[in-house]
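I have placed the structure first, in the form of structure tokens, so that the comments after it can refer back to it.
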């Protein structure tokens, strides 16, 4: 489910203001006040209070699609799944081109294990708003699960999400996660070189994340690049010298290279740290 953040609240309020000025000029201020109070309650994780305020806004304006959608999200958070999906359905009925309502309903269906229904909703959201890359990522995650198993489709969706960001001329911290997830799918398809490339791109964004070095080291083991794997595990140790597991990983690779004495030192270090 999309997180309610300040940028999202501002975007929603602006959208609401424009729509209501055209359709309900006499009701806009009162309805918007309740809606804004609901957003504040949602931000504070008071979902019951938020639902009450969204409901008041809907009573003033029964065709308030945004209030139905956001109330559906709040109901999802309190596990009122039937109420949640009813609100999303109502938002879509009022405003059939409301991308966020589809993506929110997709998130709900995902949590209810209706994976194919969720994919359908994320696909509709993408058709309406093809620049919202979160929907590509959400759909990719579903394609990558054991029920759907559309791994090539997952890679394609992660790639599209990255292309949207790259079109802006820069990469963001979110792209670390996308590169790593795409790498994980590639690894499952035994495209180890492709996985290594993606982990390398993630490292270019954040060169201090020990786990990315460990993951790339594992992929290098898979292609028998043992010296490269040791280099990655060593880099991870540079950033996290008290992380015992990585010494074990490096020691295991050293055994494969016949470096028994050095491997024993790593295993001893791993045991020492594990006891602390």
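The table below gives the values:
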read-out: Unmet criterion (only one of (1) farther than 26 Å from residue 241 by Cβ; (2) surrounded by fewer than 15 Cβ atoms within 10 Å (Cβ to Cβ); (3) more than 17 Å from the chain's Cα centre (by Cα)) for residue 172; value: (3)
read-out: For residue 136: the one exception among (1) at pLDDT 95 or above; (2) buried (at least 16 other Cβ atoms within 10 Å of the Cβ); (3) within 22 Å of residue 203 (Cβ to Cβ); value: (3)
read-out: Test result for residue 257, modelled with pLDDT of 95 or more and within 28 Å of residue 146 (Cα to Cα); value: no
read-out: Filter result for the condition that a residue is within 18 Å of the chain's Cα centre (by Cα), part of a helix (DSSP H, G or I) and not assigned by TED's automatic domain parsing to the domain that holds residue 223, over 179, 158; value: 158
read-out: Residues (without any contact (Cβ under 8 Å) to a residue 24 or more places away in the chain, within 26 Å of residue 113 (Cα to Cα) and assigned to a helix (DSSP H, G or I)) located in the range 43-84; value: 82, 83
read-out: Hits in the range 180-199 (condition: under 20 Å from residue 243 (Cβ atoms) and crowded, with 23+ Cβ neighbours inside 10 Å); value: 199
read-out: Filter result (farther than 15 Å from residue 181 by Cβ and in a helix (DSSP H, G or I)) within the range 128-141; value: 128
read-out: Selection from the range 101-127 of residues that are out of contact with any helix residue (DSSP H, G or I) (no Cβ under 6 Å at 6 or more places or on another chain) and in a helix (DSSP H, G or I); value: 107, 111, 116, 120, 123, 127
read-out: Some residue of the range 89-97 being surrounded by fewer than 18 Cβ atoms within 10 Å (Cβ to Cβ), part of a loop (DSSP other than H, G, I, E, B) and free of Cβ contacts under 8 Å to residues at least 12 places away in the same chain; value: yes
read-out: Test: residue in the range 200-214 that is without any contact (Cβ under 8 Å) to a residue 24 or more places away in the chain, surrounded by fewer than 22 Cβ atoms within 10 Å (Cβ to Cβ) and farther than 28 Å from residue 155 by Cβ; value: no
read-out: Some residue of the range 142-154 being touching a residue at least 24 places away in the same chain (Cβ under 8 Å), in a helix (DSSP H, G or I) and under 20 Å from residue 81 (Cβ atoms); value: yes
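The values are calculated or read from the model by the stated rules, or taken from the named source; none is laboratory data. It should be emphasised that the depicted structure is a prediction, and the values quoted were computed from it without experimental measurement. Note that we place each Cβ from the backbone using ideal geometry, even for glycine, and neighbour counts take in every protein chain shown.
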